[in-house]
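The values are calculated or read from the model by the stated rules, or taken from the named source; none is laboratory data. Note that the structure is predicted; figures quoted are calculated from it, not measured. Here Cβ is always computed from backbone atoms with ideal geometry, including for glycine, and neighbour counts include all displayed protein chains. Only protein heavy atoms, including side chains, enter the accessible area calculation; ligands, DNA and RNA are left aside. Shrake-Rupley method; radii C 1.70, N 1.55, O 1.52, S 1.80 Å.
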Amino acid sequence: MSMKIEHDFHIHTGLSSCAMDKENATLEKYLENAREYGLKKLGFADHLWDSAIEGAPRWYYPQNVDHVLPLKEKLRVAKANGLLDEENKIQMYFGCEAEYDYAHRDVALTEAAAEQFDFVIVPNSHTHIVMPKEYYKPYQKHADFMLQAYEDIINSKVSRYITAMAHPFQAVCCPYPYGELIDLITDDQFKRLFDRTAEKGIAFEINMAGVSRRTDEEIEKLPQIRLFRLAKECGCKFIFGSDSHDIQPHRLYHRAEFVAHLLELKESDLAEIAR
Ligand SMILES: [Zn+2]
Ligand SMILES: [Zn+2]
């Protein structure tokens, strides 16, 4: 028996610069879609760099806490007005995808800001934004950067607010296949980090972007599957995310069920918030 995945804790709305021009990246559309596809928990995670922390890359302007707070208010009003029809029982969460701050070797989020969110996800793999360009080669430098970023994130002063590592080690917009970077890292190196991740109660995201459209055979061969298996072995919990920038990805979100089946995940392997 496989488990149906009814949660999605990685949804971008038009508040994220990369989804700004997507007319369907709205709370209303996502809700409508969730009803259609049987999703029960929606977690909104717009990009964020807390302006209380200096050094935001240019791309982050204006994506700070004040910029995303209107969504929190919108969710509150929607709940208060009973817009979330009872029969569908869709729960919504106000979260963010906070950035890794390489200069301070920490997460670009203060505790005060973190308190504002229902959940926080943090990537160690937005290397296209936060990594110095000269680290792209040799590949080892790029892999080492992500290892360092991962460690910094789990050791962060805000680590207790971190719900999950977003698309771990899947270098975004990498000019070569990110799998080559994953191949450079040994099981032992991963396990050392994943043991700590499990200890800290930080979940491991299974990001469905770039997965849903693939066949079962292709999914089995994806480089991140090795990471998921190692993370599971270390006792990490999991959380699924579509990384939607539009409502389209939810049409194929049922493919998450195959990944859960492949990894033999049970309800107890999911992060508490996602159960
Ligand atoms: Zn991301
Ligand atoms: Zn994202």
**Q.** Among residues of the stretch 9-26, those that are open to solvent by less than 10 Å² (accessible area, probe 1.4 Å) and either away from ligand 2 (no atom under 16 Å from the Cβ) or of a type outside the set (V, I, T) (or both), counted
**A.** 6
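Being in contact (Cβ under 8 Å) with a residue 12 or more places away in the chain, crowded, with 17+ Cβ neighbours inside 10 Å, under 25 Å from E233 (Cβ atoms) and more than 16 Å from ligand 2 (Cβ to nearest atom): is that true of S159 here?
Values: in contact (Cβ under 8 Å) with a residue 12 or more places away in the chain: yes; crowded, with 17+ Cβ neighbours inside 10 Å: yes; under 25 Å from E233 (Cβ atoms): yes; more than 16 Å from ligand 2 (Cβ to nearest atom): yes.
So S159 fits the description; yes.
Within the stretch 233-250, track down each residue that is over 17 Å from the mean Cα position of the chain (by Cα) and at pLDDT 95 or above.
Filtering the stretch 233-250 down to residues over 17 Å from the mean Cα position of the chain (by Cα) leaves 233-235, 248.
Once the filter is applied, which keeps residues that are over 17 Å from the mean Cα position of the chain (by Cα) and at pLDDT 95 or above, the stretch 233-250 yields E233, C234, G235.
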Q: List the number of the failed condition for P123; all other conditions in (1) within 15 Å of G43 (Cα to Cα); (2) within 14 Å of ligand 1 (Cβ to nearest atom) hold.
A: (1)
Q: Identify, from the list F169, F204, the residue that is within 16 Å of ligand 1 (Cβ to nearest atom) and in a loop (DSSP other than H, G, I, E, B).
A: F169
Q.
Here's a check for you: in the stretch 172-188, which residue that is part of a helix (DSSP H, G or I) and exposed (fewer than 15 other Cβ atoms within 10 Å of the Cβ) is nearest to ligand 1 (Cβ to nearest atom)?
A. E180
**Q.** Qualifying positions in the stretch 27-38 - under 20 Å from V120 (Cβ atoms) and away from ligand 2 (no atom under 16 Å from the Cβ)
**A.** L27
Q. Residues in the stretch 232-275 that are in contact (Cβ under 8 Å) with a residue 40 or more places away in the chain, of a type in the set (K, R) and in a helix (DSSP H, G or I): how many?
A. 2
Q) Among the residues of the stretch 212-231, is there at least one that is more than 22 Å from E6 (Cβ to Cβ) and either in contact (Cβ under 8 Å) with a residue 60 or more places away in the chain or under 14 Å from the mean Cα position of the chain (by Cα) (or both)? A) no
Q. Residues N81, N33, N64: which one is free of Cβ contacts under 8 Å to residues at least 60 places away in the same chain, more than 19 Å from D106 (Cα to Cα) and either out of contact with any strand residue (DSSP E or B) (no Cβ under 9 Å at 6 or more places or on another chain) or of a type outside the set (D, E, K, R) (or both)?
A. N81
Q. Given R105, R76, which one is more than 16 Å from ligand 1 (Cβ to nearest atom), among the charged types (D, E, K, R) and either closer than 22 Å to I239 by Cα or modelled with pLDDT under 95 (or both)?
A. R76
Q.
If I ask for residues that are farther than 17 Å from I182 by Cα, open to solvent by less than 10 Å² (accessible area, probe 1.4 Å) and more than 16 Å from ligand 1 (Cβ to nearest atom), which ones from the stretch 207-241 would you list?
A. C236, F238
